[in-house]
1. Just give me the residues in the stretch 85-143 being of a type in the set (Lys, Arg) and more than 17 Å from Gln37 (Cα to Cα), in sequence order.
2. Name every residue in the stretch 158-176 that is more than 15 Å from Ile222 (Cβ to Cβ) and buried (at least 19 other Cβ atoms within 10 Å of the Cβ), in order of residue number.
3. Of the conditions (1) under 15 Å from Ala106 (Cα atoms); (2) surrounded by 18 or more Cβ atoms within 10 Å (Cβ to Cβ), Thr24 clears all except one; give me its number.
4. Identify the residue in the stretch 104-128 that is in a strand (DSSP E or B) and touching a helix residue (DSSP H, G or I) at 6+ places or on another chain (Cβ under 9 Å) and, among all such residues, is farthest from Ile56 (Cα to Cα).
5. Only one of these is in contact (Cβ under 8 Å) with a residue 24 or more places away in the chain, out of contact with any strand residue (DSSP E or B) (no Cβ under 6 Å at 6 or more places or on another chain) and under 20 Å from Asn120 (Cα atoms): Val182, Val167. Name it.
6. Within the stretch 171-205, how many residues turn out to be touching a Leu at 6+ places or on another chain (Cβ under 7 Å), in a loop (DSSP other than H, G, I, E, B) and more than 20 Å from Ile133 (Cα to Cα)?
7. Among the residues of the stretch 73-94, write down those that are surrounded by 15 or more Cβ atoms within 10 Å (Cβ to Cβ) and part of a strand (DSSP E or B).
Amino acid sequence: MKNHWPSLIDAAWENHALLKESKTITTIQDILAALDQGFIRVASYEKEQWIIHEWIKKAVTLYFAICKMQVYHADPCVYYDKIPLKKDYAQKGVRVIPSAVARYGAYVAPGAVLLDAFVNIGAYIGENTLIDIKAGIGSCAQIGKNIHISAGVIIGGVLEPIQAKPVIIEDGAFIGANSVIVEGVHIGKKAVIAAGVTLTATTKIIDVNQKAEEQNLERGYIPDNAVVVPGTVKKKFVAGEYYMPCAMIIGERKKSTDEKTALNNTLRAFDLSV
């Protein structure tokens with residue numbers, strides 16, 4: 001990263017007239033190239049905490065402003081868009097099956113596998129992570145290494161508002177089929193999210209192994225090694241009592257569990273039908 005990048009991007013964000021200057025255009029292009037190659041990322045783990053680099057999100061948004069609509073070819077498909085597709089997967093050591101799409105500006109690490117998936121600009125995909133069929137990884141989402149994102153999963157993207165946090169999924173996690181994780185939710189290391197779980201910034205998270213009065217779980221965060229399934233919780237309204245969706249932590253992933261063990265086997269350990 002060059003020291004002048006953040007200040008120049010902040011200035012262009014406040015004054016879009018600067019987008020006409022060659023220095024600004026070149027800087028934005030250099031930042032996107034660095035994102036694409038994994039030299040920088042929207043969020044990084046520093047001093048035992050995740051730091052969100054808002055200026056990089058601004059650069060991604062401004063990149064749309066300086067790009068023009070073009071025709072892109074990925075035989076036999078033809079695209080008409082502002083953002084080109086990633087390429088040179090063989091040199092990068094990434095396996096990509098036909099119909100999988102990753103946009104330029106997303107980083108996909110060596111050993112990753114894209115199976116008919118979509119990865120948006122600004123996203124980060126770590127080593128040996130599998131993105132399964134029809135899964136969507138939103139803009140700026142941060143996906144660690146050795147993760148399985150199952151079929152049909154939706155990981156929300158975020159560009160604006162600039163201060164909003166991206167979804168972060170840490171190393172070794174397993175995300176079950178058709179789960180939805182949005183609004184800056186943070187999944188801890190080696191957590192197991194069962195099929196069909198929806199997690200938003202306001203989704204109630206309940207540890208069923210703790211008494212109600214002892215619950216002190218942070219919304220939008222799933223702890224390391226937690227095993228999470230979909231559930232419901234009763235809530236009172238004027239019209240009566242109704243059940244609302246929630247996420248239930250039913251236990252912890254055992255250290256003896258192999259990182260590549262199927263989700264079904266993990267859930268069976270808790271006597272749940274699958």
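1. Lys134
2. Just the residues of the stretch 158-176 that are more than 15 Å from Ile222 (Cβ to Cβ), to begin with: 158-164, 166.
Val158, Leu159, Pro166, listed by residue number.
3. (1)
4. If we filter the stretch 104-128 for residues that are in a strand (DSSP E or B), which is where we start, we get 107-108, 113-114, 118-119, 124-125.
Subset that is touching a helix residue (DSSP H, G or I) at 6+ places or on another chain (Cβ under 9 Å): 107-108, 114, 124.
Numbers: Tyr107: 14, Val108: 17, Leu114: 25, Tyr124: 13 Å.
Here the answer is Leu114.
5. Details: Val167 fails: out of contact with any strand residue (DSSP E or B) (no Cβ under 6 Å at 6 or more places or on another chain).
Only one candidate passes the filter, namely Val182.
6. Counting residues in the stretch 171-205 that are touching a Leu at 6+ places or on another chain (Cβ under 7 Å), in a loop (DSSP other than H, G, I, E, B) and more than 20 Å from Ile133 (Cα to Cα) gives 1.
7. Residue satisfying the conditions is Leu85 alone.
Values in this text are rule-based calculations from the coordinates and carry no lab data. Remember, predicted model here, so these are calculated numbers, not experimental data. Because the Cβ atoms are built from the backbone with ideal geometry, glycine has one as well, and the counts that use them run over all protein chains shown.
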